[in-house]
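Worksheet for the structure shown next.
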């Protein structure tokens, strides 16, 4: 959503905070909804975490300087033996066991 807001509304790097202040603009964004519709038809398995996973995420946050959501994702990849991650987020680059793929 932040990327779409930056492009569509010419918002600077604080797009998430800007969207929180302008909920009417969130209603105008469509890329997320379209991506969610496309995911529905794919053979995906959704992963969830538990308190042990949150503790591991806290350790990864401390070790790699990750924010909470990124640390939870990193903990899930580790727990499930995943070594590849598709993301546009640069924050995963410092995790040696992850190969990061960035779509263009």
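Here are some notes:
- Alpha-carbon spread of the chain, three principal axes, descending order, Å: 38, 33, 28
- Value of D in µm² per second that Stokes-Einstein yields for region 3-51, Kirkwood Rh from Cα pairs, at 37 °C (0.692 mPa s): 255 µm²/s
- Zone residues, region 86-104, relative to residue 47, backbone N less than 12 Å from point 7 Å out along Cα-to-Cβ: 86, 98-99
- Highest mobility in the GNM of the chain, judged by mean-square fluctuation with C-alpha springs under 10 Å and restricted to 75, 57, 15, is found for 15.
- The separation of region 36-55 from region 58-85, counted between C-alpha centres, amounts to 14 Å.
- Taking each residue as 0.36 nm, the span from residue 89 to residue 17 lengthens on full extension beyond its C-alpha to C-alpha distance by 24.2 nm.
- Against the main long axis of the alpha-carbon atoms of the chain, helix 31-40 sits at an angle near 50°.
- In the chain, the longest principal axis of the Cα atoms and the axis of helix 51-64 are about 80 degrees apart.
- In the chain, helices alone account for a calculated mean residue ellipticity at 222 nm of -15000 deg cm²/dmol, with every DSSP H run of four or more residues adding -39,500 (n - 2.57).
- Against the chain, whose longest principal axis is taken from its Cα atoms, helix 68-79 shows a tilt of about 40°.
Every read-out reported here was derived from the displayed coordinates using simple, explicitly stated rules and does not represent laboratory data. Keep in mind it's a predicted model, so treat the numbers as computed, not measured. Methodologically, a virtual Cβ is constructed for each residue, glycine included, from the backbone with ideal geometry; neighbour enumeration extends over all protein chains shown.
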